[in-house]
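In what follows, a single structure is set out as structure tokens and then discussed.
The numbers here are math on the coordinates, done by the rules we state, and not lab data. No experiment lies behind these values; they were computed from the predicted model shown. Cβ atoms come from the backbone with ideal geometry, glycine included; neighbour counts cover every protein chain shown.
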Amino acid sequence: MITNMSLGDINARVETYVRGKSWYWYAPLWLLGLYACWQLFRFNMVAGRTPLIVLIPYSFDFFLHEWAHIFTAFLPAVLTAAAGSLSELLLGAGLVIAAIWQRSYFALLFCLLWFDLACQSAGQYMADAVPQRLPLVSLAGALSGQEPKHDWHFVFGQLHLLGASAFISGSLRVIGGAAGILGLAFAAWLLYKMARAPAWAASGNEAILVASYRPTASPKPALPEDNGFTSYPIGDSAPVPTPSKHTRHI
């Protein structure tokens with residue numbers, strides 16, 4: 001469904017989506033998304049100062065990250081170590097796909113920003129594989145009593161990719177930033193389409209009903225059958241006789 005959409009299909013679906021929507025109700029949400037995108041651009045896991053608008057989804061991603069390690073503990077150690085960051089990326093990508101599938105096009109802005117957050121989080125964790133400056137917290141390690149280890153130092157070390165960690169992490173962060181900017185641009189286009197749409201535009205179902213309505217002529221009242229008798233008003237039912245020449249006058 002997603003891969004087979006042409007530009008014409010996207011434009012037609014957007015035209016249907018914006019009908020009956022007022023741009024000024026969505027403009028504050030776009031400004032909120034712009035602020036979140038700016039904070040994601042400044043996002044730094046080493047500094048440890050995270051604004052609330054990023055901290056809430058980041059905390060959710062953190063718990064998902066830790067539970068992914070626990071749920072994949074039966075897999076090879078390399079996959080278990082990588083599962084934490086991969087679960088964050090899969091969640092962000094899943095939200096984007098779900099928004100497109102459900103045609104919740106303005107919500108796509110925040111889904112792309114969430115994917116951007118996952119890319120920034122995983123990218124900075126990968127970039128720390130060599131310097132290892134990030135403070136490590138491990139739920140699995142706390143439950144097992146083991147010292148936490150750096151996931152991507154272990155993964156890249158096992159795959160002999162420690163020298164490429166900066167390139168891989170940088171590429172992932174660029175992808176995330178591009179996704180956030182794409183979300184802002186697409187949402188701004190939606191606002192433009194809402195502002196251009198006529199105020200009287202009906203929704204999709206209403207437009208179908210209006211287009212399918214065809215007025216029908218009302219049937220004419222049936223006339224009484226001609227049975228040889230003439231109908232007269234009651235007051236004229238007894239005509240006055242006229243005098244004839246044989247009438248005697250007294």
Quick one: grab the alpha carbon gyration tensor of region 38-196, order the square roots of its eigenvalues as a ≥ b ≥ c, and give me rounded if a/c is under 1.5, else prolate or oblate depending on whether a/b is larger than b/c. prolate
What shape does region 1-79 take by its C-alpha gyration tensor, where a ≥ b ≥ c are the square roots of the eigenvalues and a/c under 1.5 counts as rounded, a/b above b/c as prolate, and the rest as oblate? oblate
Difference of contour (0.36 nm per residue) and Cα-Cα distance, Leu90 to Glu147: 17.8 nm
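Looking at region 61-107, which chymotrypsin sites (Phe, Trp or Tyr not before Pro) are DSSP coil and have at most 16 other C-beta atoms within 10 Å of their C-beta?
Listed in order of number, the matching sites are Phe74.
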Neighbour-count ranking for Val137, Val14 (other C-beta within 10 angstrom, fewest to most) reads Val137, Val14
Only counting other Cβ atoms within 10 Å, I'd like His65, His160 sorted with the fewest neighbours first. His160, His65
Quick one: Leu40, Leu109, Leu79, Leu184, fewest Cβ neighbours within 10 Å first, how do they rank? Leu79, Leu184, Leu40, Leu109
